[in-house]
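Visitor: Provided herewith is a single structure, encoded as structure tokens, for subsequent inquiry.
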Amino acid sequence: MRRVLTLVLLYAGMQLVIPLDTTHGPGSITLLIFGFLVLAAYTSGELATLVKLPKITGYLVAGLLFGPAVMGIVSSASVTELEPVSRLAVAIIAFMAGAELRWGELKDRARTILTLLTSEMIFSFLGIMLVLWFLRDHVPFLGYVTSAQALVLCALFASVMIVHSPAVTMALLTETRAHGPVARTTLGVVLVADVVVVLVFSGMLTLARSVVPAPGGGESLSAGLIAWEILGSLLVGALLGGGVALYMRFVQRELMLFAIVVAFLGAEIARMAHVETLLTLLTAGFITENATRTGGRELLHAMERSSVPIFVVFFALAGASIHIGELVMLWPLALAVVGVRAAAIFGGTRIGSRLINAAPVVKQNVWLGLISQAGVAIGLASILANAYPSRGGEMQTLVLSVIAINEIAGQILFSIALRRSGEVEGEAELQGSGGRVQGSGTA
């Protein structure tokens with residue numbers, strides 16, 4: 001009740017304050033809107049946890065509720081002016097994803113992770129691309145394009161939807177203290193998937209911009225520019241990561257401030273060098289983590305702490321960008337994408353498990369941990385909206401619709417998988433003691 005009252009008071013306060021600013025443009029209240037979103041979205045996230053939903057869901061709902069589509073506290077102009085916050089959040093997400101990849105752990109389970117990842121990702125990519133292609137007459141962002149252009153746009157959308165959610169996976173593993181083959185394999189797959197998805201998405205986006213130029217976006221990209229956007233991202237990211245690693249080795253001070261500076265500086269360098277921000281920061285995070293002993297961990301933790309308000313506003317802005325009319329129209333299509341993706345993950349992991357002769361517990365349960373989607377997918381959708389002002393907005397709405405389903409269902413399914421495999425710490429001990437008692441009784 002206290003949280004609901006907080007939201008009501010915040011809304012009432014904004015209704016009183018906004019009309020007082022009659023002499024300036026929308027930019028004069030941008031900072032006020034930022035503060036409002038931090039408080040309102042965070043409170044909504046706390047409310048979401050009370051009904052067993054992820055906090056991110058609460059952030060998205062707050063943005064939708066207070067955004068232009070419903071109450072209008074956050075106007076379309078404010079969403080545009082706060083776009084730098086979204087770009088910074090995307091950079092932080094990419095750096096943190098790269099920093100979660102530890103070379104030693106990857107080598108230990110490389111064959112299992114790569115086989116499962118390859119099979120399920122190929123199935124998912126092809127399945128999502130084909131379902132959009134067959135339903136293209138009902139897909140808004142595929143209107144008024146040639147068949148070849150529609151196919152490229154379908155592939156671009158599929159490159160976003162094959163992503164998983166390391167954040168949800170790690171949060172659930174931390175909460176349940178689960179450990180075992182299902183937990184370790186799932187975590188390895190979702191972490192490596194981030195790298196693969198960023199590479200695939202970067203390539204598909206540059207290809208799409210070449211085949212389907214955005215209005216006012218200039219001429220098509222040449223093969224040389226496409227190659228530079230990918231290879232240049234790796235080069236710039238490696239240099240940035242090397243610089244950060246040196247700082248962490250010899251200076252290592254003011255880490256919370258330095259973490260934000262790294263993300264902001266990396267995003268700006270990527271923009272000026274005309275390379276992909278996601279791939280650049282992901283590479284930088286990977287180099288930082290693996291070039292230092294403990295510095296990478298410390299910087300990652302500092303970044304997690306300092307980026308909370310940025311992430312809250314980022315997800316709220318994503319919710320504020322949703323158009324209710326399009327959302328209602330796209331729900332049947334979103335359900336189709338969710339169903340095809342889940343079936344593809346199931347089939348892909350089953351085939352991958354047979355190829356590596358995985359244990360039955362892995363074969364039966366790992367696919368349930370790959371359903372979730374969250375931060376990276378929302379970040380990619382934000383990039384689509386910027387790259388294609390019209391079509392990208394429609395893509396973003398469909399992406400958020402799919403994420404809303406997968407984020408809620410995914411954490412429930414993964415929790416079931418961990419418990420079914422007996423890897424939840426408390427329950428595993430209980431089952432073990434039960435087995436010993438039962439065994440002594442039969443003896």
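Visitor: So what is the accessible area of segment 269-392 per residue, in Å², with the probe set to 1.4 Å? Numbers along the way, then the final one.
Guide: Working: 4550 Å² over 124 residues.
Using a 1.4 Å probe on heavy atoms only, each residue of segment 269-392 averages 37 Å².
Visitor: Could you please state, rounded to a whole Å, how far the C-alpha centre of segment 303-327 is from the C-alpha centre of segment 136-155?
Guide: With segment 303-327 and segment 136-155 each reduced to a Cα centre, they are spaced 27 Å.
Visitor: If you don't mind, there's one more thing I want to ask. Report ³J(HN,Hα) in whole Hz for each residue of segment 75-82, in order, from the Karplus equation J = 6.51 cos²θ - 1.76 cosθ + 1.60 where θ = phi - 60°; Gly and Pro get x.
Guide: 7, 4, 5, 5, 4, 5, 5, 8
Visitor: So who's got an amide H within less than 5 Å of the one on His179, skipping anything under 5 residues away but keeping other chains? H placed 1.01 Å off N, in plane.
Guide: Glu425
Visitor: Also, I was wondering about something else. For the chain, what is the calculated [θ] at 222 nm in deg cm²/dmol (nearest 500), taking -39500 (n - 2.57) for each run of four or more DSSP H residues and dividing by its residue count? Each step should come with its number before you reach the end.
Guide: Details: 21 runs with 342 residues, N = 443.
It lands at -25500 deg cm²/dmol.
Visitor: Counting only heavy atoms of protein chains, what accessible area per residue, in Å², does segment 11-141 have with a probe of 1.4 Å?
Guide: Numbers: 6310 Å² over 131 residues.
Ligands and nucleic acids excluded, the result is 48 Å² per residue.
Visitor: Can you give me the long-range amide H partners of Val74? Hydrogens built in the peptide plane at 1.01 Å from N, cutoff under 5 Å, separation of 5 or more residues or another chain.
Guide: When sequence neighbours closer than 5 places are left aside, the close amide H contacts are Gly67.
Visitor: At a 1.4 Å probe radius, carbon and sulfur cover how many percent of the accessible area of the chain? All intermediate terms of the calculation are to be shown ahead of the outcome.
Guide: Numbers: 13170 of 19740 Å².
Summing carbon and sulfur atoms, their accessible area is 67 percent of the total for the chain.
Visitor: A further question on this structure: At Arg253 and Glu83, where each label point lies 7 Å from the Cα along Cα→Cβ, what is the point-to-point distance in nanometres?
Guide: 3.8 nm
Visitor: Each label point is 7 Å from the Cα along the Cα-to-Cβ direction; what then is the distance between the points at Gln15 and Thr118, in nm?
Guide: 6.0 nm
Visitor: Which value in Å is the Kirkwood Rh of the chain over different Cα pairs?
Guide: Taking every pair of different Cα atoms in the chain, averaging 1/r and inverting gives 22.8 Å.
Visitor: Taking θ as phi - 60°, what are the ³J(HN,Hα) couplings along segment 136-147 by the Karplus curve (6.51, -1.76, 1.60), each to the nearest whole Hz, with x for Gly and Pro?
Guide: 4, 5, 10, 9, x, 7, 9, x, 6, 9, 6, 4
Visitor: OK, next. Label points 7 Å out from Cα along the Cβ direction at Lys52 and Ala409: separation in nm?
Guide: 1.7 nm
The values are calculated or read from the model by the stated rules, or taken from the named source; none is laboratory data. All values reported here derive from a predicted model rather than from experimental measurement. Using ideal geometry, Cβ is built from the backbone for each residue, glycine included, and neighbour counts are taken over all protein chains shown. Side chains are part of the model used for accessible areas, which takes the heavy atoms of the whole protein and leaves out ligands, DNA and RNA. Shrake-Rupley method; radii C 1.70, N 1.55, O 1.52, S 1.80 Å.
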